[in-house]
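Everything on this sheet refers to the single structure shown next.
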Amino acid sequence: MRKLLAAAKRFSLDIPKLECLCALALACRVWPDLTSHSLDALAAHIHHQFDHHNACADAEAAGRILLAMMAAIHVISPRALAKAVGLRPMCVARGNACDCKR
């Protein structure tokens, strides 16, 4: 989200009010015992092979990881997942970007 906000600011674009969730923060709460929460590690954890650093493949992997987290917690929506693990959606329009350590 930081990249999106920076690009919008650079080009003087308005950001609509959007809510988002940090996949890293979700993964850290759903699977706290993993030694890494990188995209590669999470994809391996759910047995998904992909071409890392290919934008489409990375996006698909992230989506599959989100679905796997929802299945692991037995919820049917990202919002329910966030609530179940104690995270609140962030408002992008206010510039609230996740402060997770990457």
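The values are calculated or read from the model by the stated rules, or taken from the named source; none is laboratory data. Nothing here was measured: the structure is a model prediction, and the numbers come from that model. What goes into the accessible areas is simple: the full protein's heavy atoms, side chains included, and nothing from ligands, DNA or RNA. Shrake-Rupley method; radii C 1.70, N 1.55, O 1.52, S 1.80 Å.
Per-atom-type breakdown for the chain gives carbon and sulfur 56% of the accessible area (1.4 Å probe, protein chains only). The solvent-accessible area of residue 20, taken with every protein chain present and a 1.4 Å probe, is close to 20 Å².
Along its principal axes, the chain has C-alpha extents of 41, 31, 24 angstrom, given from the largest down. Helical runs (DSSP H, four residues minimum) scored at -39500 (n - 2.57) apiece and divided by the length of the chain put the mean residue ellipticity at 222 nm at -15000 deg cm²/dmol.
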